[in-house]
Amino acid sequence: MIPAVMPTYARADLAFVRGEGAYLFTDDGRRFLDFGSGIAVAILGHCHPHLVQAVQAQAARLWHTSNLYHIPEQTRLAERLVANTFADTVFFCNSGAEAVEGSLKVVRKYQHDTGHPERYRVITFANAFHGRTLATISAAGRSKYLKGFEPAVDGFDQVSFRSLNEARTAISDTTAGILVEPIQGEGGIIEAEVEFLQGLRAMADEYGLLLALDEVQTGMGRTGKLFAHEAASVRPDVMAVAKGLAGGFPIGAVLATEKAAQGMTAGTHGSTFGGNPLAMAAANATLDVVLGKGFLDSVVTTGRALRGRLDGLVARHPKVFEGVRGRGLMLGLKCVGSSGDFVERLYRHGLLTVPAADNVVRLLPPLIIGAAEIDEALTKLAQAAGEAV
Ligand SMILES: *Cc1c(COP(=O)(O)O)cnc(C)c1O
(Lines give C-alpha, C1' and ligand atoms only; values in the text may rest on other atoms or scores of the structure.)
Protein backbone atom coordinates (compact mmCIF):
# COMPACT_ATOMS: atom_id res chain seq x y z
CA MET A 1 0.00 0.00 0.00
CA ILE A 2 1.31 3.42 -0.90
CA PRO A 3 2.27 5.47 2.18
CA ALA A 4 0.22 8.55 3.00
CA VAL A 5 3.28 10.64 2.20
CA MET A 6 4.02 10.05 -1.49
CA PRO A 7 7.20 7.97 -1.42
CA THR A 8 9.39 10.16 -3.64
CA TYR A 9 12.28 10.27 -1.16
CA ALA A 10 14.68 7.61 0.08
CA ARG A 11 14.67 8.86 3.65
CA ALA A 12 17.10 7.96 6.43
CA ASP A 13 15.47 6.26 9.39
CA LEU A 14 15.65 9.38 11.54
CA ALA A 15 13.07 11.88 12.73
CA PHE A 16 14.03 15.10 14.44
CA VAL A 17 11.78 16.92 16.85
CA ARG A 18 13.98 19.74 18.12
CA GLY A 19 16.92 21.84 16.99
CA GLU A 20 19.37 24.14 18.71
CA GLY A 21 22.28 25.81 16.95
CA ALA A 22 24.18 23.20 14.95
CA TYR A 23 22.42 20.32 16.72
CA LEU A 24 19.29 18.30 16.03
CA PHE A 25 17.57 15.96 18.49
CA THR A 26 15.50 12.88 17.67
CA ASP A 27 12.28 11.91 19.40
CA ASP A 28 14.22 9.33 21.43
CA GLY A 29 16.71 11.95 22.61
CA ARG A 30 19.70 11.26 20.36
CA ARG A 31 21.80 14.30 19.42
CA PHE A 32 23.17 14.88 15.90
CA LEU A 33 25.65 17.46 14.69
CA ASP A 34 24.04 18.98 11.63
CA PHE A 35 26.57 19.55 8.84
CA GLY A 36 23.85 19.56 6.21
CA SER A 37 21.65 22.43 7.47
CA GLY A 38 18.61 20.94 5.73
CA ILE A 39 20.59 21.20 2.47
CA ALA A 40 22.20 24.61 2.97
CA VAL A 41 19.03 26.18 4.34
CA ALA A 42 19.40 26.67 8.11
CA ILE A 43 22.38 29.00 7.68
CA LEU A 44 22.06 30.41 11.21
CA GLY A 45 21.55 26.97 12.73
CA HIS A 46 18.31 25.83 14.30
CA CYS A 47 16.11 28.14 16.36
CA HIS A 48 18.44 31.12 16.23
CA PRO A 49 16.98 33.47 18.89
CA HIS A 50 16.80 36.47 16.54
CA LEU A 51 14.87 34.49 13.92
CA VAL A 52 12.58 32.89 16.47
CA GLN A 53 11.75 36.29 17.91
CA ALA A 54 11.14 37.87 14.49
CA VAL A 55 8.89 35.06 13.23
CA GLN A 56 6.96 34.83 16.52
CA ALA A 57 6.32 38.56 16.53
CA GLN A 58 5.21 38.54 12.87
CA ALA A 59 3.05 35.44 13.42
CA ALA A 60 1.16 37.30 16.15
CA ARG A 61 0.72 40.35 13.88
CA LEU A 62 -0.03 39.22 10.29
CA TRP A 63 0.75 36.17 8.13
CA HIS A 64 -0.58 36.67 4.66
CA THR A 65 -2.36 39.24 2.54
CA SER A 66 -1.35 38.34 -1.11
CA ASN A 67 0.29 40.59 -3.63
CA LEU A 68 -2.99 42.34 -4.38
CA TYR A 69 -1.72 44.78 -1.75
CA HIS A 70 1.55 46.37 -0.72
CA ILE A 71 3.60 44.36 1.77
CA PRO A 72 5.93 46.66 3.76
CA GLU A 73 8.18 43.81 4.93
CA GLN A 74 8.63 42.80 1.27
CA THR A 75 9.63 46.29 0.22
CA ARG A 76 12.14 46.38 3.05
CA LEU A 77 13.72 43.04 2.09
CA ALA A 78 13.86 43.97 -1.61
CA GLU A 79 15.51 47.30 -0.81
CA ARG A 80 18.10 45.60 1.37
CA LEU A 81 18.89 43.00 -1.32
CA VAL A 82 19.17 45.76 -3.92
CA ALA A 83 21.48 47.76 -1.63
CA ASN A 84 23.78 44.77 -1.13
CA THR A 85 23.91 43.17 -4.61
CA PHE A 86 24.14 43.92 -8.35
CA ALA A 87 20.34 43.91 -8.53
CA ASP A 88 17.94 46.82 -9.01
CA THR A 89 14.76 44.86 -8.42
CA VAL A 90 13.53 41.63 -6.79
CA PHE A 91 10.61 39.22 -7.32
CA PHE A 92 9.72 36.93 -4.40
CA CYS A 93 8.54 33.34 -4.71
CA ASN A 94 8.70 30.24 -2.50
CA SER A 95 11.47 27.90 -3.62
CA GLY A 96 14.65 27.52 -5.60
CA ALA A 97 13.02 25.95 -8.63
CA GLU A 98 10.52 28.79 -8.77
CA ALA A 99 13.35 31.31 -8.53
CA VAL A 100 15.10 29.62 -11.45
CA GLU A 101 11.88 29.52 -13.49
CA GLY A 102 11.31 33.18 -12.73
CA SER A 103 14.85 33.94 -13.87
CA LEU A 104 14.24 32.07 -17.13
CA LYS A 105 11.07 34.07 -17.67
CA VAL A 106 13.00 37.32 -17.16
CA VAL A 107 15.53 36.16 -19.78
CA ARG A 108 12.86 35.36 -22.38
CA LYS A 109 10.83 38.48 -21.68
CA TYR A 110 13.87 40.71 -22.02
CA GLN A 111 14.66 39.35 -25.48
CA HIS A 112 11.01 39.49 -26.49
CA ASP A 113 10.62 43.10 -25.42
CA THR A 114 13.88 44.32 -26.91
CA GLY A 115 13.08 43.23 -30.44
CA HIS A 116 14.23 39.61 -30.38
CA PRO A 117 11.18 37.39 -29.85
CA GLU A 118 13.02 34.65 -31.77
CA ARG A 119 15.59 34.40 -28.96
CA TYR A 120 14.18 32.02 -26.37
CA ARG A 121 16.79 29.29 -25.85
CA VAL A 122 19.08 29.17 -22.82
CA ILE A 123 22.51 27.56 -22.67
CA THR A 124 22.91 25.37 -19.58
CA PHE A 125 25.62 23.06 -18.31
CA ALA A 126 26.05 19.33 -17.89
CA ASN A 127 25.80 18.05 -14.32
CA ALA A 128 23.81 21.11 -13.26
CA PHE A 129 20.92 21.15 -10.80
CA HIS A 130 18.19 23.77 -10.99
CA GLY A 131 15.21 22.17 -9.22
CA ARG A 132 12.46 19.63 -9.95
CA THR A 133 9.83 21.43 -12.01
CA LEU A 134 9.43 20.45 -15.66
CA ALA A 135 11.39 23.46 -16.92
CA THR A 136 14.18 23.15 -14.34
CA ILE A 137 14.74 19.41 -14.90
CA SER A 138 14.82 20.22 -18.62
CA ALA A 139 17.29 23.05 -18.03
CA ALA A 140 19.63 20.77 -16.11
CA GLY A 141 19.07 17.96 -18.59
CA ARG A 142 20.17 15.15 -16.28
CA SER A 143 18.54 11.87 -17.27
CA LYS A 144 18.36 10.85 -13.60
CA TYR A 145 15.72 13.54 -13.00
CA LEU A 146 14.14 13.67 -16.48
CA LYS A 147 13.53 9.96 -16.99
CA GLY A 148 9.84 9.17 -17.14
CA PHE A 149 8.88 12.83 -17.28
CA GLU A 150 9.68 13.44 -20.95
CA PRO A 151 9.21 15.18 -23.25
CA ALA A 152 11.61 17.72 -21.83
CA VAL A 153 10.57 21.36 -22.01
CA ASP A 154 12.07 22.83 -25.17
CA GLY A 155 14.52 25.70 -25.07
CA PHE A 156 17.70 24.44 -23.42
CA ASP A 157 21.08 23.60 -24.94
CA GLN A 158 23.46 21.79 -22.56
CA VAL A 159 27.20 22.00 -22.96
CA SER A 160 30.09 20.87 -20.75
CA PHE A 161 30.56 22.79 -17.50
CA ARG A 162 33.67 24.98 -17.60
CA SER A 163 33.99 24.85 -21.40
CA LEU A 164 33.84 28.35 -22.87
CA ASN A 165 34.41 26.91 -26.34
CA GLU A 166 31.38 24.66 -26.15
CA ALA A 167 29.25 27.50 -24.81
CA ARG A 168 30.31 29.77 -27.66
CA THR A 169 29.66 27.06 -30.25
CA ALA A 170 26.15 26.52 -28.84
CA ILE A 171 25.11 30.15 -29.39
CA SER A 172 22.66 30.58 -32.25
CA ASP A 173 20.22 33.20 -33.53
CA THR A 174 17.64 31.81 -31.08
CA THR A 175 19.82 31.98 -27.94
CA ALA A 176 18.46 34.28 -25.22
CA GLY A 177 20.74 33.66 -22.28
CA ILE A 178 23.07 31.50 -20.23
CA LEU A 179 22.18 29.85 -16.89
CA VAL A 180 24.95 28.62 -14.60
CA GLU A 181 25.73 27.73 -10.97
CA PRO A 182 28.96 29.41 -9.77
CA ILE A 183 29.61 26.19 -7.85
CA GLN A 184 27.67 23.08 -8.81
CA GLY A 185 26.27 21.81 -5.51
CA GLU A 186 24.14 18.76 -6.22
CA GLY A 187 26.60 17.97 -9.02
CA GLY A 188 29.40 17.38 -6.49
CA ILE A 189 30.82 20.76 -5.35
CA ILE A 190 32.45 21.64 -8.65
CA GLU A 191 33.63 25.23 -8.88
CA ALA A 192 33.47 27.33 -12.02
CA GLU A 193 36.83 29.02 -12.47
CA VAL A 194 36.95 32.81 -12.35
CA GLU A 195 37.97 32.84 -16.05
CA PHE A 196 34.97 30.69 -16.95
CA LEU A 197 32.46 33.02 -15.28
CA GLN A 198 34.19 36.09 -16.67
CA GLY A 199 34.27 34.44 -20.11
CA LEU A 200 30.52 33.77 -19.94
CA ARG A 201 29.92 37.40 -18.95
CA ALA A 202 31.97 38.62 -21.93
CA MET A 203 30.21 36.18 -24.26
CA ALA A 204 26.79 37.29 -23.07
CA ASP A 205 27.73 40.93 -23.69
CA GLU A 206 29.18 40.14 -27.12
CA TYR A 207 26.04 38.33 -28.32
CA GLY A 208 23.38 40.33 -26.50
CA LEU A 209 22.47 37.47 -24.13
CA LEU A 210 21.54 37.68 -20.46
CA LEU A 211 23.69 35.92 -17.88
CA ALA A 212 21.54 34.20 -15.25
CA LEU A 213 23.17 32.74 -12.15
CA ASP A 214 21.66 30.02 -10.00
CA GLU A 215 22.89 30.96 -6.52
CA VAL A 216 20.17 29.01 -4.75
CA GLN A 217 22.78 26.93 -2.89
CA THR A 218 25.89 29.15 -3.10
CA GLY A 219 24.16 32.31 -1.89
CA MET A 220 23.58 34.02 1.44
CA GLY A 221 27.13 33.84 2.71
CA ARG A 222 27.69 30.12 2.15
CA THR A 223 31.00 30.71 0.32
CA GLY A 224 32.17 33.60 2.50
CA LYS A 225 30.74 36.26 0.18
CA LEU A 226 27.09 37.25 0.27
CA PHE A 227 26.93 35.68 -3.22
CA ALA A 228 29.56 33.45 -4.79
CA HIS A 229 29.89 35.41 -8.04
CA GLU A 230 31.33 38.37 -6.13
CA ALA A 231 34.59 36.44 -5.82
CA ALA A 232 34.89 36.41 -9.62
CA SER A 233 33.93 40.10 -9.94
CA VAL A 234 31.22 39.06 -12.39
CA ARG A 235 27.87 40.81 -12.34
CA PRO A 236 24.95 38.73 -13.57
CA ASP A 237 21.84 40.18 -15.19
CA VAL A 238 19.51 37.85 -13.30
CA MET A 239 20.01 35.60 -10.26
CA ALA A 240 17.96 32.93 -8.52
CA VAL A 241 18.21 32.81 -4.72
CA ALA A 242 16.42 30.60 -2.20
CA LYS A 243 17.68 28.00 0.32
CA GLY A 244 19.39 30.10 3.03
CA LEU A 245 17.58 33.36 2.30
CA ALA A 246 15.11 33.05 5.18
CA GLY A 247 17.16 30.72 7.39
CA GLY A 248 14.70 27.82 7.05
CA PHE A 249 11.43 29.47 6.09
CA PRO A 250 10.32 28.60 2.52
CA ILE A 251 11.28 31.41 0.15
CA GLY A 252 12.76 32.14 -3.25
CA ALA A 253 13.79 35.33 -5.02
CA VAL A 254 14.63 36.49 -8.52
CA LEU A 255 17.11 39.36 -8.46
CA ALA A 256 17.61 41.36 -11.66
CA THR A 257 19.03 44.52 -13.09
CA GLU A 258 16.66 47.22 -14.29
CA LYS A 259 17.67 46.47 -17.88
CA ALA A 260 17.02 42.72 -17.59
CA ALA A 261 13.67 43.22 -15.84
CA GLN A 262 12.33 45.95 -18.12
CA GLY A 263 9.62 43.66 -19.50
CA MET A 264 8.44 42.41 -16.11
CA THR A 265 5.46 44.73 -15.86
CA ALA A 266 2.16 44.29 -14.00
CA GLY A 267 0.54 40.96 -14.83
CA THR A 268 3.62 39.28 -16.36
CA HIS A 269 4.50 37.10 -13.36
CA GLY A 270 3.06 36.31 -9.97
CA SER A 271 2.78 34.10 -6.92
CA THR A 272 0.05 33.80 -4.31
CA PHE A 273 2.37 33.13 -1.40
CA GLY A 274 5.50 34.85 -2.75
CA GLY A 275 6.86 37.51 -0.41
CA ASN A 276 4.28 37.01 2.31
CA PRO A 277 4.84 38.86 5.60
CA LEU A 278 5.86 35.77 7.57
CA ALA A 279 8.52 34.74 5.03
CA MET A 280 9.71 38.33 4.78
CA ALA A 281 10.10 38.59 8.56
CA ALA A 282 12.24 35.44 8.55
CA ALA A 283 14.38 36.71 5.66
CA ASN A 284 14.83 40.19 7.08
CA ALA A 285 15.92 38.69 10.39
CA THR A 286 18.33 36.37 8.59
CA LEU A 287 19.80 39.33 6.71
CA ASP A 288 20.20 41.25 9.99
CA VAL A 289 22.68 38.58 11.07
CA VAL A 290 24.36 37.83 7.75
CA LEU A 291 24.96 41.52 7.01
CA GLY A 292 26.15 42.11 10.57
CA LYS A 293 29.69 43.30 11.08
CA GLY A 294 32.25 40.54 10.62
CA PHE A 295 29.77 37.75 9.84
CA LEU A 296 30.95 36.98 6.31
CA ASP A 297 34.59 37.28 7.38
CA SER A 298 33.91 34.70 10.06
CA VAL A 299 32.55 32.33 7.39
CA VAL A 300 35.84 32.70 5.50
CA THR A 301 37.87 32.01 8.66
CA THR A 302 35.73 29.08 9.76
CA GLY A 303 35.74 27.68 6.23
CA ARG A 304 39.53 27.81 6.10
CA ALA A 305 39.81 26.08 9.46
CA LEU A 306 37.41 23.31 8.42
CA ARG A 307 39.13 22.95 5.06
CA GLY A 308 42.53 22.59 6.72
CA ARG A 309 41.26 19.89 9.05
CA LEU A 310 39.60 18.04 6.16
CA ASP A 311 42.83 18.12 4.14
CA GLY A 312 44.53 16.45 7.11
CA LEU A 313 41.77 13.84 7.33
CA VAL A 314 42.08 13.03 3.63
CA ALA A 315 45.87 12.69 3.95
CA ARG A 316 45.42 10.21 6.82
CA HIS A 317 42.77 8.17 5.00
CA PRO A 318 43.85 7.95 1.35
CA LYS A 319 41.92 4.69 0.88
CA VAL A 320 38.67 6.38 1.89
CA PHE A 321 38.97 9.91 0.48
CA GLU A 322 40.40 11.38 -2.72
CA GLY A 323 40.29 15.05 -1.77
CA VAL A 324 38.45 18.12 -0.58
CA ARG A 325 36.87 20.77 -2.77
CA GLY A 326 34.73 23.85 -2.49
CA ARG A 327 34.84 27.25 -0.88
CA GLY A 328 33.84 28.81 2.43
CA LEU A 329 31.43 26.46 4.20
CA MET A 330 30.36 24.74 0.98
CA LEU A 331 32.81 21.86 1.02
CA GLY A 332 32.86 18.43 -0.58
CA LEU A 333 34.74 15.33 0.50
CA LYS A 334 35.37 13.21 -2.56
CA CYS A 335 35.15 9.55 -1.52
CA VAL A 336 36.85 6.57 -3.10
CA GLY A 337 33.68 4.52 -2.59
CA SER A 338 30.02 5.44 -2.51
CA SER A 339 29.32 8.79 -0.84
CA GLY A 340 25.81 7.56 0.00
CA ASP A 341 27.30 4.72 2.02
CA PHE A 342 29.61 7.08 3.85
CA VAL A 343 26.78 9.48 4.68
CA GLU A 344 24.88 6.54 6.18
CA ARG A 345 27.92 5.48 8.18
CA LEU A 346 28.13 9.01 9.55
CA TYR A 347 24.56 8.77 10.85
CA ARG A 348 25.78 6.11 13.26
CA HIS A 349 28.35 8.57 14.57
CA GLY A 350 25.81 11.34 14.97
CA LEU A 351 26.90 13.53 12.06
CA LEU A 352 24.54 14.71 9.34
CA THR A 353 25.95 15.43 5.87
CA VAL A 354 24.47 15.45 2.35
CA PRO A 355 25.49 13.17 -0.52
CA ALA A 356 26.10 14.67 -3.97
CA ALA A 357 26.98 13.33 -7.40
CA ASP A 358 30.48 12.07 -8.21
CA ASN A 359 30.77 10.31 -4.82
CA VAL A 360 31.06 13.55 -2.93
CA VAL A 361 29.88 14.04 0.65
CA ARG A 362 28.71 17.63 1.02
CA LEU A 363 29.55 19.49 4.22
CA LEU A 364 27.15 22.43 4.47
CA PRO A 365 27.18 23.33 8.18
CA PRO A 366 25.32 26.29 9.61
CA LEU A 367 27.47 29.39 9.07
CA ILE A 368 27.53 30.01 12.83
CA ILE A 369 29.66 26.97 13.76
CA GLY A 370 32.89 27.41 15.71
CA ALA A 371 35.99 25.45 16.66
CA ALA A 372 34.06 23.05 18.95
CA GLU A 373 31.72 21.91 16.19
CA ILE A 374 34.63 21.51 13.76
CA ASP A 375 36.50 19.37 16.32
CA GLU A 376 33.47 17.22 16.90
CA ALA A 377 32.76 16.78 13.18
CA LEU A 378 36.36 15.80 12.50
CA THR A 379 36.32 13.24 15.30
CA LYS A 380 33.18 11.68 13.84
CA LEU A 381 34.53 11.76 10.28
CA ALA A 382 37.77 10.12 11.42
CA GLN A 383 35.84 7.41 13.30
CA ALA A 384 33.72 6.67 10.25
CA ALA A 385 36.75 6.72 7.96
CA GLY A 386 38.53 4.29 10.27
CA GLU A 387 35.71 1.81 9.83
CA ALA A 388 35.32 2.30 6.13
CA VAL A 389 38.18 0.12 4.90
C1 LIG B 1 18.23 23.27 -4.23
C2 LIG B 1 18.54 23.92 -5.53
C3 LIG B 1 17.52 24.30 -6.42
C4 LIG B 1 16.07 23.96 -6.18
O5 LIG B 1 15.57 24.52 -5.02
P6 LIG B 1 14.14 23.99 -4.45
O7 LIG B 1 13.87 24.93 -3.34
O8 LIG B 1 14.33 22.59 -4.03
O9 LIG B 1 13.16 24.11 -5.57
C10 LIG B 1 17.87 24.97 -7.56
N11 LIG B 1 19.17 25.23 -7.84
C12 LIG B 1 20.16 24.90 -7.02
C13 LIG B 1 21.56 25.24 -7.37
C14 LIG B 1 19.89 24.21 -5.84
O15 LIG B 1 20.89 23.82 -5.03
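With loop defined by DSSP as not H, G, I, E or B, and exposure as at most 13 other Cβ atoms within 10 Å, which is the longest segment of the chain clear of exposed trypsin sites (Lys or Arg not before Pro)?
148-258
Check His46: other-chain or 5+ apart residues with amide H under 5 Å from its amide H, H built from backbone geometry?
Correct list: Glu20, Gly21, Ala22, Tyr23.
Stretch Leu378-Asp13 to full length: gain in nm at 0.36 nm per residue minus the Cα-Cα span?
The span from Leu378 to Asp13 would gain 129.1 nm if fully extended.
Using the Karplus curve 6.51 cos²θ - 1.76 cosθ + 1.60 with θ = phi - 60°, work out ³J(HN,Hα) for each residue of region 207-219 in order, rounded to whole Hz, and write x for Gly and Pro.
The phi angles translate into 9, x, 9, 9, 9, 10, 9, 9, 10, 4, 9, 7, x Hz.
Loop-only check: which chymotrypsin sites (Phe, Trp or Tyr not before Pro) in region 237-326 are DSSP coil with at most 15 other Cβ within 10 angstrom?
none
Report the extension gain between Lys147 and Asp173 in nm, rounded to one decimal, defined as 0.36 nm multiplied by the number of residues separating them, less their alpha carbon distance.
Here the segment from Lys147 to Asp173 would lengthen by 6.4 nm.
Which whole-number percent gives the relative contact order of region 51-290, counting Cα pairs below 8 Å spaced six or more residues apart?
About 31 percent, as a whole number.
So how tilted is helix 295-316 from the main axis of the chain? Cα-based, degrees 0 to 90, rounded to 10.
Between helix and principal axis, roughly 50 degrees.
Once both axes come from the Cα atoms, what is the angle between helix 371-387 and the longest principal axis of the chain, in degrees from 0 to 90, rounded to 10?
70
Is there a quick way to get the dipole size of region 51-290? I mean about its Cα centre, with the Cβ of Lys and Arg at +1 and of Asp and Glu at -1; what is the value in debye to the nearest 20?
The dipole of region 51-290 has a size of about 480 debye.
Tell me, what HN-Hα J-couplings in whole Hz come from the Karplus equation 6.51 cos²θ - 1.76 cosθ + 1.60 at θ = phi - 60° for each residue of region 20-28, using x for Gly and Pro?
8, x, 8, 10, 10, 10, 7, 4, 9
Can you tell me the convex hull volume per residue for region 1-159, based on C-alpha atoms, in Å³ to the nearest whole number?
214
Classify region 116-191: rounded, prolate or oblate, from the alpha-carbon gyration tensor (a ≥ b ≥ c, eigenvalue square roots; a/c under 1.5 rounded; otherwise prolate if a/b is larger than b/c)?
Oblate, since a/c reaches 1.5 and b/c is not below a/b.
Under a 1.4 angstrom probe, counting protein chains only, how are Ser339, Ser172 ranked by accessible area, largest first?
So the residues, ranked largest to smallest area, are Ser172, Ser339.
Can you list the residues, at least 5 places off or on another chain, whose amide H is less than 5 Å from the amide H of Val354, using H built in the peptide plane?
Hits under the 5 Å cutoff: Arg362, Leu364.
Considering only protein heavy atoms and a probe of 1.4 Å, how much of the accessible area of the chain is carbon and sulfur, as a whole percent?
Of all accessible area on the chain, carbon and sulfur atoms account for 54 percent.
Relative to the longest principal Cα axis of the chain, at what angle does helix 339-348 sit, 0 to 90 degrees, rounded to 10?
So the inclination is approximately 50 degrees.
So what are the radius of gyration and Dmax for the Cα set of the chain, in Å?
Rg and Dmax of the chain, Cα atoms, are 20.7, 62 Å.
Which cross-chain or sequence-distant (5 or more) residues have an amide H under 5 Å from the amide H of Leu210, H modelled 1.01 Å from N in plane?
Those lying under 5 Å, H to H, from Leu210 are Gly177, Ile178.
Round to a whole angstrom and tell me the spacing of the C-alpha centers of region 269-284 and region 308-341.
37
How much length, in nm to one decimal, is gained on full extension between Asp297 and Asn67, taken as 0.36 nm per residue of separation minus their Cα-Cα distance?
Fully extending the segment from Asp297 to Asn67 adds 79.2 nm.
Give me a comma-separated list of calculated 3J(HN,Hα) values for region 182-187, in order, Karplus coefficients 6.51, -1.76, 1.60 applied at θ = phi - 60°, integers in Hz, x for any Gly or Pro.
x, 9, 5, x, 3, x
At 222 nm, what helix-only mean residue ellipticity would the chain give, in deg cm²/dmol to the nearest 500, using -39500 (n - 2.57) for each DSSP H run of four or more?
-11000 deg cm²/dmol
Give the value in nm², to one decimal: projected area of the alpha carbon convex hull of region 88-230, averaged over all directions.
8.5
Have a look at Gly326, Gly386, Thr268 and report the one farthest towards the positive end of the charge dipole of the chain, computed about the Cα centre with Cβ charges (Lys/Arg +1, Asp/Glu -1).
Result: Gly386, furthest along the dipole toward the positive end.
The values are calculated or read from the model by the stated rules, or taken from the named source; none is laboratory data. Quick caveat: nothing in here was measured; it's all calculated off a predicted structure. We place every Cβ from the backbone using ideal geometry, glycine too, and count neighbours over all the protein chains shown. Just so you know, the surface numbers come from the protein's heavy atoms only, side chains and all, with ligands and any DNA or RNA stripped out. Shrake-Rupley method; radii C 1.70, N 1.55, O 1.52, S 1.80 Å.
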